[in-house]
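Asks: For reference, the structure I am asking about is given below.
Please treat every number below as a calculation from the coordinates, not as lab data. The model shown is predicted, which means the values in this text are computed figures rather than measured ones. Positions of Cβ are backbone-derived with ideal geometry, glycine not excepted, and every protein chain shown enters the neighbour counts.
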Amino acid sequence: ARRARMEERLLGARFRYLNQQLYTGSSQDAARLFRADPAAFHLYHRGFERQVQRWPERPVQRIVRYLRRRPASLVVADFGCGDCTLAASVKNQVHCFDLVPLSPRVTVCDMAKVPLAAESVDVAVFCLALMGTNLQEILGEANRVLKLGGTLMVAEVASRFEDTRAFLKAMTQLGFRTVSKDLSSSYFYVLEFAKTGPARPGPAPGLRLRPCLYKRR
Ligand code: SAH
C-alpha cells in the first residue's frame, strides 16, 4: 500500500511538471516535448482525466450539447481533441487534432498549423486546449480555417482569465466577435465567437491567460 501511494505521488508530480511545461512554453515546444517522449503524453492524459473527473461537469459535454442544437451538416475542427469525445458524441464531420493519437481519429499535428484549407470549417473548438504561450498564432490558425461567419467555441478554466474584458477585446482584433459568454460555472467559462474577418496583425496585449497549474493533493 505504501509503495502504491508513493507511485501515485510520483505520477502526480510528473503530471504537474508536464502540465506546467505545456502552459509556459509555445505550442511548438509542446510538440517537440511529446514527440521526444510519447510516454509523457499518456501520463499527462491520465493526470488530466483525474483532474476533470473532480469537476461537476465535463466542459466537452457543453460543446456536445451546443453542436446537437445546430445542424449536423456543420463541419467541425477540434483543436487539442484529446480522446476525441467530441467527435464520438456528435453526427457532424469532426477534424480531430492533437499531438499524439489517443484515438485513430486523431490527425497528429501542432494546432498552430493544421492541415486544413483556408475557410473550410464552420465550427472551431478549443476545449481546455488553449495551452501554448503563442495564443495569437493558435487562434490565428483557427481564424484561417474558419469560414466567414463561422463559430469559434472556447471552453477554458475560469481562473485562467486575468481580465476577461481585455481578452474579449483582443479577440475582436483577431477577427472574432463575441456571440455569447457563459461565466456561470466557477470551474470553466464557455465563450462563443463568430468570425468577422481575417485576424488583424499587430500585438494583442489583452490576449493573456494564466497558466493552469494544479495543486498538489
Ligand atoms: N479537448 C479535450 C482535451 C483537453 S486536454 C477535452 O476537453 O477532453 C488538452 C489537449 O490539448 C491535450 O490532449 C493536449 O495534448 C492537446 N495539445 C496541447 N498542445 C497542443 C498543440 N500544440 N497541438 C495540438 N494539441 C495540443
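Asks: When the chain is treated as a GNM, springs tying every alpha-carbon pair under 10 Å, which of D110, D83, D163 comes out with the largest mean-square fluctuation?
Replies: Most flexible of the set in this elastic network: D163.
Asks: Determine the gain in length on full extension of the stretch Q93-Y17; use 0.36 nm per residue of separation and subtract their C-alpha separation, reporting nm with one decimal. Before the final figure, lay out each step's value.
Replies: Working: separation 76, 0.36 × 76 = 27.36 nm, distance 3.47 nm.
Stretched fully, the Q93-Y17 segment lengthens by 23.9 nm.
Asks: Taking a ≥ b ≥ c as the square roots of the Cα gyration tensor eigenvalues, with a/c under 1.5 meaning rounded and otherwise prolate when a/b beats b/c, else oblate, which class fits segment 37-174? Mind dumping the intermediate values first?
Replies: Values: a/c = 1.28, a/b = 1.12, b/c = 1.14.
Because its axes are fairly even, with a/c under 1.5, segment 37-174 counts as rounded.
Asks: Separate question: Set Lys and Arg Cβ to +1 and Asp and Glu Cβ to -1, take the dipole of the chain about its Cα centre, and tell me which of C127, C109, H45 lies farthest positive.
Replies: Most positive-ward Cα: H45.
Asks: Also, I was wondering about something else. Kindly put E192, E7, E156 in sequence by how many other C-beta atoms sit within 10 Å of each C-beta, fewest to most.
Replies: Values: E192 17, E7 10, E156 21.
Taking fewest neighbouring Cβ atoms as first place, the list is E7, E192, E156.
Asks: L213 versus A194, label points 7 Å from Cα toward the beta carbon: distance in nm?
Replies: 4.0
Asks: Turning to a different aspect of this structure: Explain nothing, just the number: dipole magnitude of segment 164-217 about its Cα centre with +1 on each Lys and Arg Cβ and -1 on each Asp and Glu Cβ, in debye rounded to the nearest 20.
Replies: Value, rounded to 20: 300 debye.
Asks: Sticking with this one: Given charges of +1 on the Cβ of Lys and Arg and -1 on the Cβ of Asp and Glu, with all other atoms neutral, how large is the dipole of the chain about its Cα centre, in debye to the nearest 20?
Replies: Dipole about the Cα centre, nearest 20: 700 debye.
Asks: Past the 20 angstrom mark, what percentage of all C-alpha to C-alpha distances in segment 96-207 do you count?
Replies: Looking at segment 96-207, the distances longer than 20 Å represent 38 percent of pairs.
Asks: Sort L168, L22 so that the residue with the fewest other Cβ atoms within 10 Å of its own Cβ comes first and the one with the most comes last.
Replies: Fewest-to-most ranking of L168, L22: L168, L22.
Asks: Let me ask you something else. Counting only DSSP beta bridges with both residues in the chain, tell me the antiparallel percent, nearest 5.
Replies: On the way: 14 of 31 bridges.
Among the beta bridges of the chain, antiparallel pairing accounts for roughly 45 percent.
Asks: Same structure again: Which listed residue (P71, P59, G150) has the Cα farthest towards the positive end of the charge dipole for the chain, taking +1 on Lys and Arg C-beta and -1 on Asp and Glu C-beta about the Cα centre?
Replies: Projecting each Cα onto the dipole axis, the largest value belongs to P59.
Asks: Using the count of nearby Cβ atoms within 10 Å as a rough guide to exposure, how do R32, R5 rank from fewest to most? Please report the intermediate quantities before stating the final value.
Replies: Details: R32 14, R5 9.
Taking fewest neighbouring Cβ atoms as first place, the list is R5, R32.
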